[in-house]
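> Quick one: the structure is below, questions incoming.
The values are calculated or read from the model by the stated rules, or taken from the named source; none is laboratory data. Everything numeric in this text was worked out from a predicted model, so none of it was measured. No Cβ is skipped: glycine too gets one built from the backbone with ideal geometry, and neighbour counts run over all protein chains shown. Surface accessibility is based on the protein's heavy atoms, side chains included, excluding ligands, DNA and RNA. Shrake-Rupley method; radii C 1.70, N 1.55, O 1.52, S 1.80 Å.
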Amino acid sequence: MQTPRPGGLDAVDPAEQDFQRRVDAGVRIEPRDAMPDAYRRTLIRQISQHAHSEIVGMLPEGNWISRAPTLKRKAILLAKVQDECGHGLYLYSAAETLGASRDQMVDDLHSGKAKYSTIFNYPTLTWADIGMIGWLVDGSAIINQIPLCRCSYGPYARAMVRICKEESFHQRQGYDLLIQMCRHGTPEQKAMCQDALDRWWWPALMMFGPPDAESPNSARSMRWRIKLFSNDELRQKMVDQTVPQAEYLGLRVPDPDLRWNARRGHYDFGAIDWAEFRAVLDGHGPCNRDRLQARVRAHEEGAWVRDAMAAHAEKRRLRKAA
Ligand code: FAQ
């Protein structure tokens, strides 16, 4: 992975050079500032994909709200899923500051044109999966998103501050659930957690995106400080942070090549199945079709709310104009 080049050497246009100098100097770019079209497009792409991920990401856990084992766990899960909805809304708003239309973004999701995180195309088969999502998926999301609080685009960076605080609660509730099941539960409950880890470990590592050498957007996004770390750097951080937590739970990470490398000061880990990643990205994961159908249905069933709000706004406008 190339590190950002100070001064943006391939920015030929003087306006772009000036923009790059501001980014290099750590100036926050705000919606009314001049910015290269490609910077705007890259942000709209990333922020809208991120928003879609938060919204589609409500579905796997939403599946368990009515089956949570206790009132306390149900209240926690409800709050978490509602938080994810809020994250989606902040992020759609951040993308709108760049001129993106909310209707267009939502249409692109529903038509299958827009991407969202591959991780949400896997099913939640048991209650242990809820713990696994909090621990691994929210855990990975935090590692990826803490640096975004310092990214170059103001509205995205500010949205991420609040999102990260909430993701931190999400990660902790997931790990707490797993501690209860693995350290204080029955052997059957612990086995259920091991089965969930076996299914979620590799998809969680894929959340960070393709390897650096195959990531078309990384070099430019890093130069513009939209990304501060590469996909592989963040993935390594996730492994280093998570393996000791798995040990505390008494769970085995499903990777025969995983071992501590004292020379590197990091864990070495096995090869990721990128063919699986690409298949899920292309719509062939276990739940892609269900996820999109659920979102389209929710949108259609909510049409009357949007119509009622539009009629109410129009009535107020006419009353004011009279
Ligand atoms: N899934 O060149 P790169 C969460 C796409 S939120 C699907 O490396 P980039 C909270 C990528 O978009 C999880 N697509 O791309 C939660 C690009 O496509 P394009 C979401 C992926 O943008 C928890 C192409 O592959 N987080 O979990 C994935 O520089 C629990 C080439 O890749 C964010 O969105 C993937 N895993 O780096 C919610 C964070 N990976 O458009 C509910 C912000 C890559 O060129 C419950 N986003 N792609 O055709 C980012 O940091 C970046 O966009 C990356 C990808 C790192 C995801």
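> So if I check each of GLN241, GLN236, which one is closer than 30 Å to GLY154 by Cβ, touching a strand residue (DSSP E or B) at 6+ places or on another chain (Cβ under 8 Å) and in a helix (DSSP H, G or I)?
GLN236
> Considering each of ALA321, ALA303 in turn, give the residue that is among the aliphatic types (A, V, I, L, M), open to solvent by 60 Å² or more (accessible area, probe 1.4 Å) and without any contact (Cβ under 8 Å) to a residue 12 or more places away in the chain.
None of the other options fit; the residue is ALA321.
> Something else about it: Going through LYS190, LYS227 one at a time, which residue ends up being surrounded by 15 or more Cβ atoms within 10 Å (Cβ to Cβ), among the basic types (Lys, Arg) and within 13 Å of the ligand (Cβ to nearest atom)?
Answer to the check: LYS227.
> Let me ask another. Do the conditions hold for ARG252, that is, is it more than 20 Å from the chain's Cα centre (by Cα), not β-branched (Val, Ile, Thr) and not in a helix (DSSP H, G or I)?
Considered against the rule, which asks whether it is more than 20 Å from the chain's Cα centre (by Cα), not β-branched (Val, Ile, Thr) and not in a helix (DSSP H, G or I), ARG252 comes out as yes.
> Those residues that are more than 12 Å from the ligand (Cβ to nearest atom), touching a residue at least 40 places away in the same chain (Cβ under 8 Å) and over 30 Å from ILE179 (Cα atoms), I need them from the range 96-129; list them, please.
THR97, LEU98, GLY99, ALA100, MET105, VAL106, LEU109, HIS110, GLY112
> Within the range 170-184, is there a residue that is part of a helix (DSSP H, G or I), aromatic (Phe, Trp, Tyr) and in contact with a helix residue (DSSP H, G or I) (Cβ under 6 Å, 6 or more places away or on another chain)?
Looking through the range 170-184, at least one residue is part of a helix (DSSP H, G or I), aromatic (Phe, Trp, Tyr) and in contact with a helix residue (DSSP H, G or I) (Cβ under 6 Å, 6 or more places away or on another chain).
> Among the residues of the range 259-300, what is the count of those that are closer than 24 Å to ARG199 by Cα, open to solvent by less than 40 Å² (accessible area, probe 1.4 Å) and outside any helix (DSSP H, G or I)?
Final tally of qualifying residues: 5.
> While we're looking at this one, here's another question. Here is a list of conditions, (1) closer than 25 Å to GLN241 by Cβ; (2) surrounded by 20 or more Cβ atoms within 10 Å (Cβ to Cβ), and ILE179 meets all of them except one; can you say which number that is?
If we test ILE179 against (1) closer than 25 Å to GLN241 by Cβ; (2) surrounded by 20 or more Cβ atoms within 10 Å (Cβ to Cβ), just (2) comes out false.
> Those residues that are part of a loop (DSSP other than H, G, I, E, B), open to solvent by 40 Å² or more (accessible area, probe 1.4 Å) and within 16 Å of the ligand (Cβ to nearest atom), I need them from the range 26-73; list them, please.
Result: ASN63, single match.
> Could you give me the residue pairs with C-beta distances under 6 Å whose first residue belongs to the range 184-206 and is touching a residue at least 24 places away in the same chain (Cβ under 8 Å), whose second residue is buried (at least 18 other Cβ atoms within 10 Å of the Cβ) and among the basic types (Lys, Arg) wherever it lies, and which are 6+ apart or on separate chains?
LEU205/ARG235
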